[in-house]
Amino acid sequence: MTATDISRPDRTDPLRGRVVAITGASSGIGEATALLLAARGAHVVVGARRRERLDDVVARITAGGGTAVATVVDVRRRDDLVALVDLARQRFGRLDVIVNNAGVSPIGPMSDVAVDAWEAMIDVNLRGTLYGIAAALPHFLEQGSGHVVNVVSTSGLKIVPGQAVYAGTKNAVRTISEALRQESEGGYRVTVVSPGMTRTSLASSMDDPAVRVQTQRAMDELGIDPSAIARAIAFAIEQPDGVDVGDVVVRPTAQG
Ligand SMILES: NC(=O)c1ccc[n+]([C@@H]2O[C@H](COP(=O)([O-])OP(=O)(O)OC[C@H]3O[C@@H](n4cnc5c(N)ncnc54)[C@H](OP(=O)(O)O)[C@@H]3O)[C@@H](O)[C@H]2O)c1
């Protein structure tokens, strides 16, 4: 079954009927995750800034018989995350999972003193994830169940020059996620997924043209398909409620 083929749905799929909100679902990993989860019967609520791309994701899912709704979300705006969660609850009566996936990576050496880029990564990767948690957590606590999936990066596992702030924001999310997990006391689940090099449009958020071209080339040559990350997210979600998949690293076999 391909990501968009739901012509032969598995009625026993544990993802069936799960309500999943996904940020950054207009391209790359978020889009692939929306398509895969919807193909397996989940109700997906997709958010990002580019309305046309979101509409296209929803159209492909509904054309295949799946269920999806979209709303424009800029994760730098707390109210947008509240609206994303509210949409899930209005349309599907609940929210089971929030996937905080939206991210940018205008990487570069610290010597560039690119403070605007640092702030952009803090605002989207860190603050945006916190806003997603803030919007979903009260409902998870009220329901007595829920799942926070945060997309971080192998950049936070192998620290290399040029990725200081990007890795810092991802590892801040990693740290927050572990404390959040411990605080849950069984009431909700927390997963961090660390993609390695993945073929997406992430390089378009890189300000330095040389870095952008070099990264895009590396992604094209080495990167894995975003569906590989989507499968890892699906694996974490499909576990029984009592099973928490804490930390998943998915990278190209050839990644150093
Ligand atoms: N590709 C990789 O090699 C790789 C490796 C490790 C980790 N990651 C992480 O994976 C996640 C997804 O990235 P990707 O690789 O799939 O890249 P991508 O194709 O560029 O997707 C990034 C997504 O984030 C959204 N986004 C950016 N700024 C946003 C904002 N302010 N508000 C809402 N949405 C925003 C974009 O949508 P709009 O522009 O429409 O808002 C887009 O849907 C990111 O967190 C990234 O750090 C990627």
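Taking the listed residues Ala228, Ala254, the one that is over 30 Å from Leu95 (Cβ atoms) and within 14 Å of the ligand (Cβ to nearest atom) is Ala254, with no other qualifying.
Okay, residues lined up against (1) at pLDDT below 95; (2) within 14 Å of the ligand (Cβ to nearest atom); (3) surrounded by 15 or more Cβ atoms within 10 Å (Cβ to Cβ):
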site	(1), (2), (3)
Met1	yes, no, no
Ala42	no, no, yes
Val45	no, yes, yes
Arg49	no, yes, yes
Ile61	no, no, yes
Ala70	no, yes, yes
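The combined condition, being small (Gly, Ala, Ser) and touching a residue at least 60 places away in the same chain (Cβ under 8 Å), is not fulfilled by Gly186. Considering every residue within the stretch 204-221, establish whether at least one is buried (at least 18 other Cβ atoms within 10 Å of the Cβ), of a type in the set (A, V, I, L, M) and closer than 15 Å to Val249 by Cα. Looking through the stretch 204-221, none of the residues is buried (at least 18 other Cβ atoms within 10 Å of the Cβ), of a type in the set (A, V, I, L, M) and closer than 15 Å to Val249 by Cα.
Entry remark, the stretch 137-156: residues being more than 10 Å from the ligand (Cβ to nearest atom) and either of a type in the set (Lys, Arg) or out of contact with any Leu (no Cβ under 6 Å at 6 or more places or on another chain) (or both) number 12 in total.
Across the stretch 156-175, a minimum of one residue is classified as small (Gly, Ala, Ser), assigned to a loop (DSSP other than H, G, I, E, B) and at pLDDT 95 or above.
The values are calculated or read from the model by the stated rules, or taken from the named source; none is laboratory data. This structure is a prediction, so every number in the text was calculated from the model and none was measured. Ideal geometry is used to build each Cβ from the backbone, glycine not excepted, and the neighbour counts take in all protein chains shown.
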